[in-house]
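Every read-out reported here was derived from the displayed coordinates using simple, explicitly stated rules and does not represent laboratory data. Source: prediction; values computed, not measured. With ideal geometry, Cβ positions are generated from the backbone for all residues, glycine too; neighbour counts draw on all protein chains shown.
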Amino acid sequence: MLRDIEMCKDFLPLSFLHKFHSQEGKLKKVSEKLWEHYAEAVGGDTELSEMLAAHILNRVTEAFESSQYADRVSASISFGKIIKFSKDELAIESASNKMLEVICGKYFGGKEQILKAMTDMMEDDLLEINKVEYV
C-alpha cells in the first residue's frame, strides 16, 4: 500500500483539496472516500497528512493562483488543515504569501472564507504559543 501512495503523490494532494471544495459535490465525495481509504491503509489521517504535507502545500500554492474563486477558498481551508503537519518552512511561507496576496487583492465572492481561514490559523498559533511553558 505504501508503494501505491508513492505512486499517488500527484492526485492524493488534489483529493485533499477537493475534500474542502464547495462547488464539486460528486468530486468532493469521491475525494473524501479516496482520502479515507489511503488514510486507513497507512494508520490514519494524521500519518497520511504528514506523508503528503509538502505535496499538498505545493497544490495549495497553485490553487491560490487559480482564476476560480472556489479553488482559492478550498486552498485556504486546506492550508489551515495541513499546516499543522508540515515541517517545510519554505513551503509554508510560500503558501502564506500567496494567501495574503489573495486577501489583499480584488474582492470576490467567498473571500470572507479565506480571511476566516487565515484568522483561524492565527488563533491556533496563539493557542500553541500560550501552551509553551517558560523556564
- Mean ellipticity per residue at 222 nm, deg cm²/dmol - from DSSP H runs of n ≥ 4 across the chain, formula -39500 (n - 2.57): -24500 deg cm²/dmol
- Message: Give me the one-decimal nm value for the distance between modelled label points at Asp120 and Lys9, 7 Å along each residue's Cα-to-Cβ direction.
- Response: 2.8
- Relative contact order (percent, whole number), the chain, Cα cutoff 8 Å, 6+ residue spacing: 22
- Task: Would you work out the charge dipole size for the chain about its Cα centre, treating the Cβ of every Lys and Arg as +1 and the Cβ of every Asp and Glu as -1, and quote it to the nearest 20 debye?
- Result: 540
- At R0 = 30 Å the Cβ-Cβ FRET efficiency linking Thr46 and Lys106, nearest 0.05, sits at 0.25
- Query: Kyte-Doolittle mean at least 0.0 and Cα extent at least 15 Å along the axis: which DSSP H helices of the chain qualify?
  - Reply: 45-64, 69-82, 89-104
- On alpha-carbon atoms, Rg over Rh for the chain using Kirkwood Rh? 0.99
